[in-house]
Amino acid sequence: MSTSLDPVAFLTRTRRPGRVGVTDILSWLWLIGGTLAVLIPVAWAGLSSLKPEAEITRFPPTLLPRAAVQKTVTGFENPLSLWKVTVDGETREMAMVRRIGLKAQMVDPNEPGKPVSIDVKDISPVQQLTAATENYTDPLTKFDFLTFLKNSVFVTFVATILTLIVNALAAFALSKYRFRGDKAIFVLIISTLMIPLTVVMVPAYLVVVGVGLVDNLWGIIIPTIASPTGVFLLRQYMLTIPDELIEAARVDAASEFRIFWRIILPLTAPALAVLAIFSILWRWNDFLWPLIVLSSRENFTLQVGLNAFQGEFSVQWHYILAMTFLSLLPVTIVFFFLQKYITTGIAGTGMK
Amino acid sequence: MSTPRIATLADRTLDFVMRLVEAPINGFEWLFGRKRMPYLFLAPNLVLFGIFTFLPIAIAVGYAFTGGTELFVADRPFVGFDNFRQLLACEDYSSPGSCRESLFWTAIWNTLWFVGFNVAATLLVALVTALILNRAIAACGFFRAVFFYPVLLSPVVIGLIWKWFLDRNGLLNAFLQMLGVPPEIFLLDVGWSRFFVVVVSVWFHMGFYTLILLAGLQAIPKDLYEAAAIDAASPRRTLLRITLPLLGPNLLVVLILLMIRSVQIFDEAWVLTNGGGPGTANSFIVQYIYQMAFGSDLRLFGLASAASVLMGVVLLILTLIQLRLGRRMES
Amino acid sequence: MGELKLTGVNKAFGALTVLHDINLTIEDGKFVVFVGPSGCGKSTLLRIIAGLEDISAGGIEIGGRDVGRFSPAERRIAMVFQSYALYPHMSVRKNLAFGLENLKFKRSEIEARIQEAARMLAIEPYLDRKPRQLSGGQRQRVAIGRAIVRNPDIFLFDEPLSNLDAALRVQTRAEITRLHRELKTTMIYVTHDQVEAMTMADQIVVLNSGRIEQVGTPLELFDNPRNLFVAGFLGSPRMNMLKGTVTAIEDGSVAIDVGYRIALPAKLDPAGARIGQPVLAGIRPAHFTLSQEEGLPFIVQYHESLGTETYVYGTLDGQSEQIIIHQAGHFAPKAGGRLFLMPMPERLHVFDPDTGLALPRAVEEPRRVHEHA
């Protein structure tokens, strides 16, 4: 038995039932630490997005969203904030009238009389848990967030449908027919996997300008519909569908398109689902290309809009975080339900 | 009860769509015959590929050899290798300030450093995580899912989340203060900001590579380990002589893939560092291309394309290596 | 209606020719079996008739119409595939309806035909199930049902029983034969199993390396194989072959010497043979008479008893070629023991070893044998 603290031993020993060694503890520490590292920044952003504007920049911050408790005190027009005041070792709740330098004017909310002056280091705010829903409702109602959201949903939905159909048609042709040039076309399509958008973005922009789709949602939908990843994925799957089914359909007087639509498409559903998930993620998260193509605010997608927001409201983190969280939510929900599908799909194809 | 109803509804919808579009397509079949149908099925894909992939590739080269600020290649004056000369003119490549395009060389050096650290860190973290998850640990599926979760998020969202986490009033500073360390504005410090760009990148992508490595580990036959155990191999020898050699091809593919993607770092770093800040500490090569072509009305399309072509060559070489490795892995 | 005529059909995949000049006429209402070893081109021929493969040269007529350029649907054929090729995502009912929907039949007509076919094949209880919920035999019947609802001029079967277990195969064989009697439609059936061919066919077409070797009723082919290939392919266990020469020609009989100084009489046409001609003499295992002292000396190696019959394996004395003999009932010769065999003269097949063709039979003899059919 080697020493348990050997890092190599720790990584390679398989677990034996009924024995908990140092290796297991270290493994669990790594996994739990990793889990915290993944979840804490996200959770922190989520919690912060519920904090009111006044609270969000408080340092040191509170973990949970809290807000000062307000109370209406007779004799004062506006509600006053409640504070815990410690005077002569005795603690009680008082309402703050105003604050002047290091002194605060406080009154007893129950017996309002003449305000007393108290040192600010003797007071601390009385707070309660809140959810600053206006962080969410304001962007939806006052800013263009809803437009961005609508654009993103439109782009994601339309692009995914078109991606599925266009690539499934091509994959059908490349998997179930023999024709002149079939192999050459397949190699040509697959070879474009090697050219990332970042390399051709300048000329691709020219083409989009040339076909008149600049600053247009279709300008970000159309150029990436034909996907070599999609063709490859679907073709490999369709190759596993027996040719006899297609022949049976031909004997059954089905046209070639009907074979595609009624036989091939339903049978390719698992691969189509994987491609649909990919496509939704690509489109929803896409940033650089929309950033280049879209120039007017009413056409921005969520990601471009978020980026623009953070430039404009550089200090209004409560809005930025709320919108960030809103755009992260759909992906999170989809992942929550389809987690197994997605991880196995991606592990199986080595693509994302 | 409701599932079949939804299925019927989907069926009806699909049927309806089919009837809408099938008449002209069947007309084509009637006119040209069954054998010509694959061409029709390929047409939409090939047209889109032609216009938006092959045409740009062809134009990219044209751009790189022309100057001016006109968008259309035909309107642009031919300048030969001027763009490349401008990019490559340099007294001392190790100090970007001495180069004519100092921004370009700053970006190259930043990218190289980033690639180096990011590849090493991601590979290490992903490998360790995959090895641990492969040890038949309880709740393996849960951890795999958690580590994978960031992969699905948008780079913009990740940039913003981390920006907030690292903020002057953020959680990290609060934690440091608890330990008695004075708060730091991490993203305005050259060293810290570079460090956190790598951290965020590892955080973002490690789940993907863990998944690939885990698949590779799980493909190693269990009886090899049993044989090694019977042969009294120490854990170190088992790792070095069995696990890593058998995982080798996967590791190489992950390495190349990681390099290809690291070279193209842009989105999350752009958001996190407010466009490459502080100064040009986090300005990378894609950002250089973007800014030359589209940023603040420079419209230096020729220079941007020349830089793209240079980067494309590097990526192409990496991809070809990856393909060759992939083929060797299959055989 | 369902008459099929192939004239000079050739099929080549690139440089490889898989069918050579196929000429065949099939009468309406016949059950025809294409049989041959794998790779002989029988499935390709069936697929050509179906319209799933193009022909490189030649013509196809169905019911007097030239269908060479027709799609499968226009040929009015239906096909049962080896894997059944049921659409896995559709219920049995939808599987049956699919072809009729494509041909734009009325809903009520489709429903009536499905009911009729389901009743005929006893698959009514499964109409709303998916194929994966059915057993192999049920799938098989659905596949046949899908062909029946189309009411085709010709049914095509491509090795439809090869995925069934032995017991089910016998049962389904009988069922298909019954269907043929009821429907009286032309059926073309491809198999590599000679038992299926012998038991089901009105007419057998034996194919080998892309050529038709012989066409005829099962017993015609069994009794009078035209060449060595057909003789060896049909009949189980296979026909024994003895090398010999023609030693004498008499009126209506030819004597063959296969060694051992015994002249084997064969009922051959004297005009078709000459003295001294080297020949191959073929005798099926069941066509020997055994005796204790006279005939070809046979050394027993071992025997297989199947209860109702016994096969004895051995060699002729001094030779290495294995000879199989068949005896009804129980029979237990000792290993190493010696028996004497005499082939039945009217059952002795004689072939020219160079051309592989059978020497012509004496004129009256085949006719007597024919009466079995």
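Listed by chain and number, the aspartates and glutamates whose alpha-carbon sits under 12 Å from that of C:LYS267, ignoring those within fewer than 8 places in the same chain, are C:GLU250, C:ASP251, C:GLU346, C:GLU364, C:GLU365.
Protection proxy ranking for C:10-21, B:207-218, using the average of other Cβ atoms within 10 Å per residue and placing the highest first: B:207-218, C:10-21. For a distance above 33 Å, tell me the whole-number percent of Cα pairs in region C:4-226 that qualify. Across region C:4-226, Cα pairs with separations above 33 Å total 15 percent. Shape of region C:1-98 from its Cα gyration tensor (a ≥ b ≥ c, root eigenvalues): rounded if a/c is under 1.5, otherwise prolate when a/b > b/c, or oblate? The shape class here is prolate. Relative to the current alpha-carbon distance between C:GLU111 and C:ALA15, full extension at 0.36 nm per residue lengthens the span by 29.8 nm.
What shape does chain B have by the C-alpha gyration tensor, where a ≥ b ≥ c are the square roots of the eigenvalues, rounded means a/c under 1.5, and otherwise prolate means a/b greater than b/c and oblate the rest? Oblate, because a/c is 1.5 or more while a/b does not exceed b/c. For chain B, adding -39500 (n - 2.57) for each run of n ≥ 4 DSSP H residues and dividing by the number of residues yields -23000 deg cm²/dmol at 222 nm.
Look at the stretch A:30-43: the mean tally of other chain Cβ atoms within 10 Å of its residues' Cβ atoms is 6. With a 10 Å cut-off around each Cβ of A:226-234, the average count of Cβ atoms from other chains is 2. Counting neighbouring Cβ atoms within 10 Å and putting the fewest first, the residues B:TYR288, A:TYR177 line up as A:TYR177, B:TYR288. Here the translational diffusion coefficient of region B:48-145 follows from Stokes-Einstein with Rh set to the Kirkwood radius across Cα pairs; for 37 °C and 0.692 mPa s it amounts to 183 µm²/s. Close amide H pairs (under 5 Å, H built 1.01 Å from N) link C:VAL18 with C:LYS11, C:ALA12, C:PHE13, residues at least 5 positions away or on another chain.
For a straight C-alpha distance cut-off of 22 angstrom, the lysines reachable from C:LYS184 (same-chain residues fewer than eight places away being disregarded) are C:LYS5, C:LYS30.
Once the gyration tensor of the Cα atoms in the protein assembly as shown is diagonalised, the equivalent ellipsoid follows with semi-axes of 79, 34, 32 Å, ordered largest first. Partner lysines whose Cα lies under 18 Å from the Cα of B:LYS163, excluding those fewer than 8 positions away in the same chain, are identified as A:LYS51. For chain A, the membrane-span-like helix rule (DSSP H, alpha carbon extent of at least 27 Å along the helix axis, mean Kyte-Doolittle at least 1.0) picks out A:22-48, A:145-176, A:317-349; this says nothing about an actual membrane. Over all pairs of different C-alpha atoms in region C:28-70, the reciprocal of the mean inverse distance, the Kirkwood hydrodynamic radius, equals 11.6 Å.
Most tightly packed first, judged by the mean number of other beta-carbon atoms within 10 Å of their residues, the peptides A:136-148, B:114-126 read B:114-126, A:136-148. 3J(HN,Hα) along region C:27-37: 6, 4, x, 7, 9, 10, 10, 8, 10, x, x Hz, from the Karplus curve 6.51 cos²θ - 1.76 cosθ + 1.60 with θ = phi - 60°, whole Hz, x for Gly and Pro.
Simple spin-label estimate for A:LYS103 and B:ARG34 gives 9.9 nm between the two label positions (7 Å along the Cα-to-Cβ direction from each Cα). Out of every Cα-Cα pair that chain C contains, those further apart than 41 angstrom amount to 26 percent. Among C:234-246, C:186-198, the peptide with the highest mean count of other Cβ atoms within 10 Å heads the list, and the full ranking is C:186-198, C:234-246. A cut-off of 5 Å between modelled amide H atoms, ignoring neighbours fewer than 5 places along the same chain, links B:VAL79 with B:THR66, B:GLY67.
Helix C:136-148 and the longest principal axis of the C-alpha atoms of chain C enclose an angle of approximately 70°. Indicate the helices, whole DSSP H runs only, in chain B that combine a mean Kyte-Doolittle hydropathy of 0.5 or more with a Cα extent along their long axis of 24 angstrom or more. Flagged H segments are B:102-133, B:190-218, B:244-263, B:301-330.
So the label point goes 7 Å from the Cα of B:ARG299 along Cα→C-beta, right? Which residues of region A:203-228 then have their backbone N under 20 Å from it? Taking a point 7 Å out along Cα→Cβ of B:ARG299, the residues of region A:203-228 whose backbone N falls under 20 Å are A:203-216. Shielding value for B:303-315 is 3, the average number of Cβ atoms from other chains within 10 Å of each residue's Cβ. Label separation (C:THR247 vs B:GLU22): 7.5 nm, computed from points 7 Å beyond Cα along the C-beta direction.
Summing +1 for each Lys or Arg and -1 for each Asp or Glu among the other residues whose beta-carbon sits under 12 angstrom from that of B:SER154 gives -2.
Which shape class applies to region A:66-129: rounded if a/c is under 1.5, otherwise prolate when a/b exceeds b/c and oblate if not, where a ≥ b ≥ c are the square roots of the Cα gyration tensor eigenvalues? Rounded.
Rg/Rh for region A:291-343 (Cα atoms only, Rh after Kirkwood) is 1.11.
Every number in this text was worked out from the coordinates using simple rules, so none of it is lab data. A quick note: this is a predicted structure, and the numbers were derived from the prediction, not measured. Every residue, glycine among them, receives a Cβ derived from its backbone with ideal geometry; neighbour counts consider all protein chains shown.
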